[in-house]
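The structure appears below as structure tokens.
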Amino acid sequence: MKAAFYTLGCKVNQYEAQILAQQFADAGYEIVPPEAPADVYVVNSCTVTASGDQKTRRVLRRFRTLCPDATVVLTGCYPQAFPDDAARLAEADVIAGARDRAALVELVRRARETRGRIVAVAPHERGEPFEPMRAAAFRERTRAFVKIEDGCDRYCAYCIIPQARGPVRSKPPGELRAELEGLARAGYREAVLVGINLPSYGRELGLRLIDAVELACAVGGIERVRLGSLEPELLTDDDIARMARQPKLCPQFHLSLQSGCDATLARMRRHYDTAEYMRIVRALRAHFENCAITTDVMVGFPGETDAEFGQSLCFVESLGLAKAHVFAYSRRPGTRAADMPGQLPGAVKEARSARMIEATDRTRAAFLAGQAGRTVGVLFETRDGGAFDGYAENYTPVRVFTDEDLRGQIRRVLITSADGARCVGTLAPDARHDCMLEGNT
């Protein structure tokens, strides 16, 4: 039998989809691309925005049309946050949430055996443990994502994720070490630590994120460690100082901003203001050479005035960001913001998105131009004609034109120019740093 997977959303979702694919492969399924005919289609959903829910429904309909006799599975955050809505989706034969992923193979078996429909969304519970998950490999990737934390208790006014993901819980250090050692043996040289609210790692274990960072950096064979998205105010000065003592830690930090206006941040129920955010950015840049700061920026939050948007725009421009993901506020049922006054029309949000994107595109181009003349280590991932593309330690995209097969290698590159989307460079003389990653050819 064949199984296909379609994943929406964050790096945590991508990690969990890989775990699910491993479980189905272990059960005897051949894993095929989502556009191929299959006996089982698994849609791992995201519900951060209403458009994500719409895309999930479109994908379900597409799979049902592609193979009418296949078993179509809906799992992930959408059914967990909105189980009643999900249960009404006739295209799905199996509906499960974001808990108990290990049970999904058995649910599919039962559905196929009985030709019946199964809805099994277990609610989150206070004190629930971190679900054991261990990735062994990642399809067509040269870096490994490692989920170390799940859940969030921040309850920002616009966000449904606490309902979808439940309480904070963390991967025990022993399990983390074993997973990283296995990935190193498989040939991976870079590990990306990810979570739903990553800086909350270890709270229930008496630990902090820095403890996971130090553990990961101590694993032999793992040469680069990168962090996923961070809530900025949860990084202390001591955390930053300890991180800076880890040479394997990549100097790229995705600090979620959302708005550069203090009044808007307060309505969002964020837990910092712009002064604190800027202080953290400066601290990171003081400790990490050639540090890249990336972020998320929301526009059009309820009540955002022209003046508040202008403040946010000016603040974002002042940050000198390496990259920003700009998006318009999306109304989510079940959140505080959904019922706030001052909901803005779509045209206003689209216009503000365009202005913010234009501004962040300029700062990204300036950041990339500032990389020229530097020699950096690049982990090469993909070939594009006569060129190879990869990422530097600070996640700068770098292209090198060469006939040499660089995929999976970390090589020193002299950056010579930037074109607004990436940097271009040449291999530094005698720069061979690594050999082809085993298991990733």
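The values are calculated or read from the model by the stated rules, or taken from the named source; none is laboratory data. Note that the structure is a prediction, hence the values are computed from the model and not measured. As a convention, Cβ positions derive from the backbone with ideal geometry for all residues, glycine included, and neighbour counts pool all protein chains shown. Areas reflect the complete protein model, heavy atoms only, side chains present, ligands, DNA and RNA absent. Shrake-Rupley method; radii C 1.70, N 1.55, O 1.52, S 1.80 Å.
Give me the percent of accessible area attributable to carbon and sulfur for the chain, probe 1.4 angstrom.
51 percent
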Quick calc, Ala36 & Asp361: beta-carbon distance into FRET formula, R0 51 Å, rounding 0.05, result 0.90
Result row for the chain, helices from DSSP H with C-alpha axial extent 30 Å or more and mean Kyte hydropathy at least -1.0, is 346-369
Mean Cβ-within-10 Å packing, highest first, puts peptides 51-62, 390-401 in the order 390-401, 51-62
Listed by chain and number, the lysines with an alpha carbon less than 30 angstrom from that of Lys2, same-chain partners under 8 positions apart left out, are Lys11, Lys55, Lys147
The rounded separation in angstrom of the Cα centers of the range 1-21 and the range 58-76 is 15 Å
Whole-Å distance linking the alpha carbon centroid of the range 321-342 with that of the range 241-306 is 17 Å
Measure of exposure for Glu231: accessible area at 1.4 Å probe, Å² rounded to 10, is 30 Å²
Shape call for the range 2-120, from the Cα gyration tensor axes a ≥ b ≥ c (a/c under 1.5 means rounded, otherwise prolate when a/b beats b/c, else oblate), comes out rounded
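Find how much the distance from Met1 to Thr382 grows on full extension, using 0.36 nm per residue of separation minus their present alpha carbon separation; answer in nm with one decimal.
Taking 0.36 nm per residue and subtracting the Cα distance, the gain is 134.1 nm.
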For Lys171, the aspartates and glutamates lying under 13 Å Cα to Cα, once residues fewer than eight places off in the same chain are dropped, come out as Glu128, Glu131, Glu149, Asp150, Glu179, Glu204, Asp211
The simple spin-label model distance between Gln246 and Ala286, using points 7 Å out along Cα→Cβ, in nm, is 2.1 nm
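Output needed for the range 143-368: three equivalent-ellipsoid semi-axes, defined as square roots of 5 times the C-alpha gyration tensor eigenvalues, in descending order, whole Å.
32, 21, 15
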Averaged per residue, the 1.4 Å probe accessible area of the chain, protein heavy atoms only, in Å², is roughly 41 Å²
Once both label points are put 7 Å beyond Cα along the C-beta direction, the Arg177-Val348 separation in nm becomes 5.5 nm
So, with points 7 Å from each Cα along the Cβ direction, the Glu276-Thr114 label distance in nm works out to 4.9 nm
CD proxy, 222 nm, the chain: helix-only mean residue ellipticity via -39,500 (n - 2.57) per DSSP H run with n ≥ 4, per residue, nearest 500, stands at -10000 deg cm²/dmol
For the chain, Rg(Cα) over 2.2 N^0.38 Å is 0.99
Note to self: C-alpha centroids of the range 158-192 and the range 371-421 sit apart, in Å, by 28 Å
